[in-house]
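Have a look at the structure below before the remarks.
The values are calculated or read from the model by the stated rules, or taken from the named source; none is laboratory data. Computed from a prediction, not measured in an experiment: that's the story for all the values here. Cβ placement follows ideal geometry from the backbone for every residue including glycine, while neighbour counts extend to all protein chains displayed.
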Amino acid sequence: MSGDYSWWTDDLPTRPGVYLFRDDAGQVLYVGKARSLKARIQSYRRPGGDGRLGVRFLQRDATRLETIVTRTEGEALLLEDTLIKQHKPPHNVRLKDDKSFLMLRVDLEHEFPRLQFVRAHNPQQGKGKGRSRLIGPFASSRAVRRTLSDLHRVVPLRDCTDATLANRSRPCLKHQIGLCSAPCVGLIDAPAYGELVERAIRILTGDTAELESDLDQRMRTAAEELEFERAARWRDRLAALRRTVEGQGVRPSDGIDRDVLGLARDGDLAVVHRLAFRGGRLAESKPRFFHSELPDEELLHVVLTALHGPGMAKKESLKRLAGAAEIVLPCTPEEPEWLTEILGAKLVVPRSGERRRMLDIATENAFTELDKRGKRGEDDARLLAEVQSLCGLESPPEVIDCFDISNLQGTSVVASRVRFRGGRKDRSGYRHFKVKTVEGQDDFASMKEVVGRSLKRGMGEEDLPDLVVIDGGAVQLKTALEARDEAGAWGVAMVSLAKARSERYVAGKRKDKSEERVYLTPDSEPIELNPRSPVRHLFERVRDEAHRFAIQFHRKTRGRITSKLDSIPGIGATRRKRMLRTFGSVAGVAQASVEELAALEGFTLDLAKRVVEHLAKPAE
């Protein structure tokens, strides 16, 4: 799909964050970070992209763009690293020697441990060899080194080597100025020193209130004494402290399976953005939209039962996200005790610390999606109003369906129906059809059958579209209208979209080129659509999606290999494979006795007799 920017949207956030390009199958093709998501992604629209080799592949394959807003550029850097390791996108450069991020290691087996700088290869957050603890990774090595310098003023841990610790006979200068508790000469015992270590770990994993307060007080005192240069140094060190721990919002320090729900509201429209952390990694970042005027507490109660109820774990697509041990929320929902019991998860409303930072990120993303939905809604409403005006409809078409036929020289004839709701893809309305009543290649008759079947079913389910777009000209539209009338769905409007034609010669006569044309009735002259018309872009997008969906289904259909074993009742894929592995082929299975078949795992005597009888029948 070279040159197709169907994934593009103009309402991208200008905040720092991470963006993911995905293909039709949902595979992540590329993960990138940006100081401004909008400015960075705009570079992909320039001729030739931004000069990187992979961009041309993204232009060809990408069909979906996702963004995750972060509070800072450091968080974006660390989240990008996490997602690249998780998804292994083909167009990202991945270094074999992963030494990009600085870690701090604490050997808890040591009587008096110290904080050591390490460069870990693909480290697991919070784990190390033996009883050691890894803290990080950190986005800025300079910031973390300066923070450690300040940390020793609040938590006086040693920073000398083990050899120095074992051979000192008197305290060093750092003890005299209050930067070390001097375990080397027994001025502090192991339990008291262990409390200092735990305090330091809490600060480095996000609980920085104490150290921030200390640095802030030093800055204010220096300013009051008119020592502005000294005050500026304390200000810079306070900023360094915050930069040091800023990545913890996207890299949790524990391995708890946690869901974080951010909430944003505008009138009756509510957005709940879910960040799902599994095994210490961000497994999902996804918004969900609701129309509700319920208070926040009642709305969250409903959302929690919808997202985390017992039935959700049975859905294949959600199994990997089931079983959160903890759910972080902006406020306490209604009936929290009952929710805790049925969900089997702890409900947390954080006020500070790492969970609060996670919640801030989820909330920021919820507001970003809310802003995007508001802008999209206005644009979509204008677009559908233009469709209404062009097609002479009584109201804007909220639901638009499009059909396409696919076959290979008249064999394996299949069809697709795609649905756009509010001008956007509604994949829940996509359908596949196998043409049943038409022999050979007859696209007109196939279209009539499929449209009629779809509309009849829609009438029974009260799920009819407002407008149907048919790919083709006047004849195709006439056929579809006949199917509509036979189905009794007279209120459904129909138009056909004829492809643009380039200049050509037919029987020695030049035929002028034409633009995309819309037939409102089979007998009227078509309306040419301006190449820059938003209505034309919508109709082309609908038609191309129907064509893609039909071809995808046709390839799957004609790619299936069947044999006589597939039509035997009670024989599924597992038993079929077991017979073929044992007897080598269908012919080998046909020569096997009832006793030999019954001896296979998962077979009964009755099933073995059924196989033998079925294979003994002559081919029809």
For Ala239, all conditions in the list (1) within 30 Å of Arg357 (Cβ to Cβ); (2) modelled with pLDDT of 85 or more hold save one; what is the number of the exception?
(2)
If a residue has to be assigned to a strand (DSSP E or B) and touching a residue at least 40 places away in the same chain (Cβ under 8 Å) to count, how many in the range 416-435 make the cut?
9
Only residues that are over 31 Å from the mean Cα position of the chain (by Cα) and outside any helix (DSSP H, G or I): list them for the range 443-468, please.
Glu462
Kindly indicate whether any position in the range 521-538 is within 12 Å of Val469 (Cα to Cα), in contact with a Gly (Cβ under 9 Å, 6 or more places away or on another chain), of a type outside the set (Asp, Glu) and assigned to a helix (DSSP H, G or I).
yes
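Given the criteria touching a residue at least 12 places away in the same chain (Cβ under 8 Å) and farther than 19 Å from Ala550 by Cα, does Ala483 qualify?
Working: touching a residue at least 12 places away in the same chain (Cβ under 8 Å): yes; farther than 19 Å from Ala550 by Cα: yes.
So Ala483 fits the description; yes.
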Going by the conditions given, is Glu515 farther than 27 Å from Glu378 by Cβ and modelled with pLDDT under 90?
yes
Residue by residue through the range 335-378, note down the ones that are of a type in the set (S, T, N, Q), in a helix (DSSP H, G or I) and in contact (Cβ under 8 Å) with a residue 60 or more places away in the chain.
Thr363, Asn365, Thr368
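Taking the conditions exactly as written (crowded, with 19+ Cβ neighbours inside 10 Å, assigned to a loop (DSSP other than H, G, I, E, B) and modelled with pLDDT of 80 or more), does Ala546 satisfy them or not?
Details: crowded, with 19+ Cβ neighbours inside 10 Å: yes; assigned to a loop (DSSP other than H, G, I, E, B): no; modelled with pLDDT of 80 or more: yes.
When the stated conditions are applied, Ala546 does not pass them.
Would you point out which residue out of Val475, Val438, Val492 is without any contact (Cβ under 8 Å) to a residue 40 or more places away in the chain and surrounded by fewer than 20 Cβ atoms within 10 Å (Cβ to Cβ)?
Values: Val475 fails: without any contact (Cβ under 8 Å) to a residue 40 or more places away in the chain; Val492 fails: surrounded by fewer than 20 Cβ atoms within 10 Å (Cβ to Cβ).
One residue alone meets the criteria, Val438.
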Please verify whether Leu307 is part of a helix (DSSP H, G or I), surrounded by 14 or more Cβ atoms within 10 Å (Cβ to Cβ) and either modelled with pLDDT under 75 or of a type outside the set (D, E, K, R) (or both), treating the condition exactly as stated.
yes
Qualifying residue in the range 204-218 (condition: at pLDDT 80 or above and among the aliphatic types (A, V, I, L, M)):
no
Selected residue (criterion: modelled with the lowest pLDDT) from residues of the range 102-135 that are farther than 28 Å from Cys184 by Cβ and in contact with an Asp or Glu (Cβ under 7 Å, 6 or more places away or on another chain)
Gly126
Cβ pairs under 8 Å, 6+ apart or interchain, first in the range 33-51 and at pLDDT below 80, second assigned to a helix (DSSP H, G or I) and of a type outside the set (Ser, Thr, Tyr), ordered by first then second residue, are Tyr44/Val55; Tyr44/Leu58; Tyr44/Gln59; Gly48/Val55; Gly49/Val55; Gly49/Arg56; Gly49/Leu58; Gly49/Gln59
